[in-house]
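The values are calculated or read from the model by the stated rules, or taken from the named source; none is laboratory data. Not measured: the values here are computed from a predicted model. In this analysis, Cβ positions are derived from the backbone assuming ideal geometry, glycine residues included, and neighbour counts consider all displayed protein chains. The protein model used for the area step is the full one, side chains on, heavy atoms only, and it has no ligands, DNA or RNA in it. Shrake-Rupley method; radii C 1.70, N 1.55, O 1.52, S 1.80 Å.
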Amino acid sequence: MTAFLACLRRVVACVALLSFAALLALPARAVAPELIHDLALGENEEKVKAIAAVVASGDPDALTLLQSLLAGEVQTVGEKTVLRVKDGVPTDLSTRAKVEPLPESRDDVILNNRVRRELATGIAALQLGAP
């Protein structure tokens, strides 16, 4: 019986590995602006769902986006604009365009512990597939 279980474990591991490889082979797509909005301005449940969608998006910049969010580099301006402010240079995350000048009235994105855990898990998953 233990030989059967060992074989079954190998089969499950192979299927999981092939599924992950198939996911990595999907064509790259940009993160939808709605997801960026939910990451920054949504309620906690919306943020968790958006994190999962960003990880699955295939966007080559998904890892940088989630790392920036966790590092506190993502800020909002009003209810529509989401910026990444790194080294004093703001970039609109929806359009990926530089924003000049840096808006004075910005709000930090609030992350609770659950969202932080989901971010860490998503970042780890993306790092597994990173070159």
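Check the stretch 11-29 and report whether any residue there is modelled with pLDDT under 95 and touching a strand residue (DSSP E or B) at 6+ places or on another chain (Cβ under 9 Å). Steps first, please.
First pass over the stretch 11-29, keeping only residues modelled with pLDDT under 95: 11-29.
Checking which are touching a strand residue (DSSP E or B) at 6+ places or on another chain (Cβ under 9 Å) leaves us with none.
The answer is no, given that none of the residues of the stretch 11-29 is modelled with pLDDT under 95 and touching a strand residue (DSSP E or B) at 6+ places or on another chain (Cβ under 9 Å).
Among 79, 104, which is the only one that is more than 20 Å from residue 30 (Cα to Cα) and touching a helix residue (DSSP H, G or I) at 6+ places or on another chain (Cβ under 7 Å)?
Working: 104 fails: touching a helix residue (DSSP H, G or I) at 6+ places or on another chain (Cβ under 7 Å).
Matching residue, one of 79, 104: 79.
Can you tell me which residues in the stretch 94-107 are open to solvent by less than 70 Å² (accessible area, probe 1.4 Å) and in contact (Cβ under 8 Å) with a residue 24 or more places away in the chain? Show your work before the answer.
The first filter runs over the stretch 94-107 and keeps only residues open to solvent by less than 70 Å² (accessible area, probe 1.4 Å), leaving 94, 97, 99, 102-103.
Scanning the stretch 94-107 gives 94, 103.
When you scan the stretch 93-100, do you find a residue that is small (Gly, Ala, Ser), closer than 18 Å to residue 50 by Cα, assigned to a loop (DSSP other than H, G, I, E, B) and within 19 Å of the chain's Cα centre (by Cα), even just one?
Within the stretch 93-100, one or more residues are small (Gly, Ala, Ser), closer than 18 Å to residue 50 by Cα, assigned to a loop (DSSP other than H, G, I, E, B) and within 19 Å of the chain's Cα centre (by Cα).
For residue 72, work out the one condition from (1) farther than 16 Å from residue 33 by Cα; (2) small (Gly, Ala, Ser); (3) crowded, with 17+ Cβ neighbours inside 10 Å it doesn't fulfil.
(3)
Could you please let me know if residue 110 is under 23 Å from residue 45 (Cβ atoms), open to solvent by 70 Å² or more (accessible area, probe 1.4 Å) and among the aliphatic types (A, V, I, L, M)? It would help to see each step written out before you state the result.
Details: under 23 Å from residue 45 (Cβ atoms): yes; open to solvent by 70 Å² or more (accessible area, probe 1.4 Å): yes; among the aliphatic types (A, V, I, L, M): yes.
Criteria met by residue 110.
Report the residue count in the stretch 57-76 for those that are within 19 Å of residue 127 (Cβ to Cβ), of a type in the set (Ser, Thr, Tyr) and touching a helix residue (DSSP H, G or I) at 6+ places or on another chain (Cβ under 8 Å).
Summing the residues that are within 19 Å of residue 127 (Cβ to Cβ), of a type in the set (Ser, Thr, Tyr) and touching a helix residue (DSSP H, G or I) at 6+ places or on another chain (Cβ under 8 Å) in the stretch 57-76 gives 1.
Let's see how each residue does on (1) modelled with pLDDT of 95 or more; (2) touching a Lys or Arg at 6+ places or on another chain (Cβ under 6 Å); (3) polar (S, T, N, Q):
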{"residue": "66", "(1), (2), (3)": "yes, no, no"}
{"residue": "79", "(1), (2), (3)": "no, no, no"}
{"residue": "85", "(1), (2), (3)": "no, no, no"}
{"residue": "93", "(1), (2), (3)": "no, yes, no"}
{"residue": "117", "(1), (2), (3)": "yes, no, no"}
{"residue": "125", "(1), (2), (3)": "no, no, no"}
{"residue": "128", "(1), (2), (3)": "no, no, no"}
{"residue": "131", "(1), (2), (3)": "no, no, no"}
